[in-house]
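Down below is the structure, laid out as structure tokens.
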Amino acid sequence: MAQGKKKYSLAEFFSGYFDNFGNMLLVNLFYCIPLAVFSGIMFAVFYFTKEMNLFGMFLLIPLMSPFTGGLMYVCRKLTVKSEIRPLKDFIKGTVQNWKFFLVNGIVFYIVSVGLYITFSYFRENLDKPIVILYIILSLLTAVFFLFVELSLTVMAVSVELKISEMIKNSVMLVVGGIIHHLKALLSLLFVLSLITAVMMMSNSWTVFFIILGVVTVLFLPVMVAYICVYNSYQAVEKSVIMPYMEKQKQIREKNEREETKNNVTIEELEALSKGNKDEYVSLNGIMVKRSTVIKMLETKKSMKNEG
């Protein structure tokens with residue numbers, strides 16, 4: 001996890017990726033193995049049933065969600081410039097976060113299907129004035145959900161928080177991290193526009209799917225994940241990770257102070273207890289009031305007598 005301030009820029013983004021290009025290529029291949037398996041099964045079902053629909057294709061979202069956890073975990077390490085061990089980190093990220101990402105994938109699937117149905121209805125009823133308002137509300141809802149997802153998935157692979165706290169922080173970051181989320185959204189739209197351009201230039205669906213397959217195997221999943229993590233991590237780091245680390249530091253310091261107090265002997269406390277109660281004395285390097293020392297001495301003597 002990154003500590004202190006780190007510079008984020010487009011140059012840093014590409015530098016981090018290309019400096020670890022070989023590792024990220026391997027991670028992308030690991031991700032593409034289950035993607036190829038699930039895609040193959042789905043297309044086989046569509047082929048033999050002679051029926052292909054988007055609802056079935058959307059099932060790739062929850063099916064691939066656990067492996068997306070591994071992908072996001074590696075991209076988070078890339079963002080903070082940690083050493084990447086492709087297979088080990090991908091497996092670790094998947095195993096540690098599969099439950100969260102599976103549930104998240106199911107929710108994402110439901111929202112995606114719901115939006116698809118909604119926009120299908122709008123397309124057939126554009127002659128109704130109220131439909132324009134519904135379209136705007138639906139688009140705002142989709143963007144809101146996407147921004148929550150960006151923060152939520154980054155937090156899932158970055159900090160140990162309760163799901164309720166992660167959701168609360170993600171909702172707050174819809175506004176607090178809007179600049180970073182917009183950069184992620186625009187970058188994803190740019191990637192989508194490139195894919196669309198390739199599709200429009202292709203003379204056939206066969207050529208398009210061949211090109212898409214090659215791009216996917218080489219870098220597409222990991223690049224999409226890296227875009228999301230790199231941009232959203234900046235907002236999460238400032239608003240969640242740094243305060244979380246500071247809180248953990250305070251807890252450690254408190255535990256260390258308590259441990260120091262518990263390790264002091266009765267004889268040491270008796271030597272420090274003599275004098276003005278309001279004066280400060282050094283107790284194993286910690287400055288405390290003599291009155292506190294006296295209370296500790298009384299407590300230790302009481303515990304000794306009871307024992």
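Things to note:
- Relative contact order of the chain, defined on C-alpha pairs under 8 angstrom at six or more residues apart (%): 19 percent
- Shown is the FRET efficiency for PHE219 and LYS128, computed with R0 = 41 Å from the Cβ-Cβ distance and rounded to the nearest 0.05: 0.40.
- Span from the region 36-115 Cα centroid across to the region 135-187 one, whole angstrom: 18 Å
- Placing +1 on each Lys and Arg Cβ and -1 on each Asp and Glu Cβ, with no other charges, gives region 106-217 a dipole about its Cα centre of roughly 80 debye.
- Seen against the Cα atoms of the chain and their longest principal axis, helix 60-79 is set at about 50 degrees.
- Relative to the dominant Cα principal axis of the chain, helix 129-156 is inclined by about 50°.
- Listed residues PHE90, PHE55, PHE100, most fluctuating in the chain (Gaussian network, C-alpha, under 10 Å): PHE55
- Highest mobility in the GNM of the chain, judged by mean-square fluctuation with C-alpha springs under 10 Å and restricted to ILE210, ILE163, ILE110, is found for ILE210.
- Residues MET42, MET200, sorted so that the one with the fewest Cβ neighbours within 10 Å comes first: MET200, MET42
- Pairs over the 32 Å Cα-Cα cut-off, from the set LYS92/LYS249; LYS247/LYS295; LYS50/LYS77; LYS7/LYS168: LYS50/LYS77.
- Rounded tilt (10° steps) of 10-19 against the dominant C-alpha axis of the chain: 90 degrees
- Among LEU161, GLY69, SER15 - extreme Cα towards positive end, dipole of the chain, charges at beta-carbon: LEU161
- Diffusion of region 149-257 by Stokes-Einstein, at 10 °C in a medium of 1.306 mPa s and with Rh set to the Kirkwood radius over alpha-carbon pairs, works out to 98 µm²/s.
- Cα gyration tensor shape for region 29-105, rounded if a/c is under 1.5, else prolate or oblate: prolate
- Rounded to the nearest 20 debye, the dipole size of the chain about its Cα centre is 480 debye, using +1 on the Cβ of Lys and Arg and -1 on the Cβ of Asp and Glu.
- Student exercise, region 1-152 dipole from Lys, Arg, Asp, Glu Cβ charges, in Debye to nearest 20: 520 debye
- Dipole of region 55-141 [Lys/Arg +1, Asp/Glu -1 at C-beta], most positive-end residue of GLY56, PHE100, PRO86: PRO86
A short reminder: the numbers here are calculations on the coordinates, not readings from a lab. Just so you know, these numbers come straight off a predicted model, no measurement behind them. For neighbour counting, all protein chains shown are included, and Cβ atoms are generated from backbone atoms with ideal geometry for every residue, glycine included.
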